[in-house]
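I have placed the structure first, in the form of structure tokens, so that the comments after it can refer back to it.
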């Protein structure tokens, strides 16, 4: 398969890549329920904006970037962040972005934290996160 300059397969650029809702770096399981298919461009933009944060943290970040009228504040997110936002959410408002994250990703986080979303690698991570969250 052909590779482009940043090492991504051209297939990924055309067909997308799997985003782990609960990141593998924090022991999110590698199961279908924990994956969301995005174009490579959107996947990269998501991680540029939100790194590997849990969906509930992502919602909090979006709220911090939102003014009292519900608009995204460019001075908080920066010009590169605004470009990533545009790639990821196609001009959607912060409220629309929060609704998307709440509908598609937050239920997965809740299952993960309750122990319902288990993979072979996350039983210890679950116990640790549950202890931290009280």
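The values are calculated or read from the model by the stated rules, or taken from the named source; none is laboratory data. Keep in mind that what you see is a predicted model, and the values were worked out from it rather than measured. Please note: Cβ atoms are built from the backbone with ideal geometry, for glycine as well, and neighbour counts cover all protein chains shown.
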Inside segment 95-119, the number of residues satisfying the requirement of being in contact (Cβ under 8 Å) with a residue 40 or more places away in the chain and in contact with a strand residue (DSSP E or B) (Cβ under 9 Å, 6 or more places away or on another chain) is 3
Starting from residues that are more than 26 Å from residue 64 (Cβ to Cβ) and assigned to a loop (DSSP other than H, G, I, E, B), keep the ones in segment 1-26 and report whichever is modelled with the lowest pLDDT. 1
Sole exception among (1) farther than 16 Å from residue 21 by Cα; (2) touching a residue at least 40 places away in the same chain (Cβ under 8 Å) for residue 76, by number: (2)
When (1) at pLDDT 95 or above; (2) part of a helix (DSSP H, G or I) are applied to residue 70, the one that fails is (2)
What single numbered condition from (1) closer than 27 Å to residue 116 by Cα; (2) at pLDDT 95 or above; (3) in contact with a helix residue (DSSP H, G or I) (Cβ under 8 Å, 6 or more places away or on another chain) fails to hold for residue 60? (3)
Could you look through segment 18-75, keep only residues that are surrounded by 19 or more Cβ atoms within 10 Å (Cβ to Cβ) and more than 16 Å from residue 89 (Cα to Cα), and pick out the one that is nearest to the chain's Cα centre (by Cα)? 21
Residue that is farthest from the chain's Cα centre (by Cα), among those in segment 76-134 that are at pLDDT below 80, loosely packed, with under 13 Cβ neighbours inside 10 Å and outside any helix (DSSP H, G or I): 134
Mind checking which residues of segment 63-84 are at positive phi and in contact with a helix residue (DSSP H, G or I) (Cβ under 8 Å, 6 or more places away or on another chain)? 70
